[in-house]
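Here the structure comes first, spelled out in structure tokens, and everything after it is commentary.
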Amino acid sequence: MTAPAQGRTDDADVAPIEPRACLALLGTGGVGRVAVSMGAVPAVFPVHYAMLDGEVVFRTGRGTRLDAAMRNAVVAFEVDDVDPQYREGWSVLVVGIADEITDDARRARAEALPLRPLAPGSAEGVMVIRPELVSGRRIVPHPQGHRDPEMGIPVRP
């Protein structure tokens with residue numbers, strides 16, 4: 001597992017997040033994005049997700065484009081939290097193998113999570129992404145008093 005390189009802008013630093021901290025951020029659950037390849041064309045779908053035993057879990061409808069694209073496929077999953085006013089936040093990327101949870105006991109545990117589909121309709125499929133690569137980065141503003149010269153954006157007090 002690796003993290004992206006450090007960087008710097010005029011008003012913030014970009015720092016890598018260790019994989020263990022990335023998983024902790026993912027543990028907050030919420031909305032993320034699943035990126036899949038559909039006929040060699042990338043497609044990105046928003047999903048409501050939760051974590052189960054260090055793996056990303058979400059629901060999808062059977063027979064949907066996302067469902068079809070995820071069967072034993074390598075996918076990317078991304079989640080972030082950004083405050084545009086203060087230009088700070090974090091982003092986490094997971095790359096791994098995706099598949100449906102079919103084991104009855106594990107599926108019951110997954111279904112007990114606070115998962116709900118974002119799109120209307122049926123969502124019987126419970127999908128899992130087993131992380132192979134976990135990376136993240138945090139945007140950290142410079143010390144108080146600095147403002148973006150173009151946008152006048154303040155640093156959080």
Qualifying residue in region 75-82 (condition: over 27 Å from Met38 (Cα atoms) and either modelled with pLDDT of 95 or more or β-branched (Val, Ile, Thr) (or both)): yes
Among residues of region 32-47, those that are surrounded by 11 or more Cβ atoms within 10 Å (Cβ to Cβ) and over 17 Å from Ala98 (Cα atoms), counted: 0
Candidate set from region 111-135 (those that are acidic (Asp, Glu) and farther than 25 Å from Trp90 by Cα); member that is modelled with the highest pLDDT: Glu111
Selection status of Arg62, modelled with pLDDT under 90 and either among the basic types (Lys, Arg) or over 21 Å from Ala98 (Cβ atoms) (or both): yes
Close pairs (7 angstrom Cβ cut-off, 6 or more residues apart or separate chains): over 20 Å from Met127 (Cβ atoms) in region 18-42, assigned to a loop (DSSP other than H, G, I, E, B) anywhere: Glu18/Ala3; Pro19/Met1
Hey, Arg138 surrounded by 16 or more Cβ atoms within 10 Å (Cβ to Cβ) and more than 15 Å from Ala35 (Cα to Cα) or not: yes
So Gly96, is it farther than 29 Å from Gly39 by Cα, touching a strand residue (DSSP E or B) at 6+ places or on another chain (Cβ under 7 Å), surrounded by 15 or more Cβ atoms within 10 Å (Cβ to Cβ) and in contact (Cβ under 8 Å) with a residue 12 or more places away in the chain: no
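The values are calculated or read from the model by the stated rules, or taken from the named source; none is laboratory data. Computed from a predicted structure; not experimentally measured. Please note: Cβ atoms are built from the backbone with ideal geometry, for glycine as well, and neighbour counts cover all protein chains shown.
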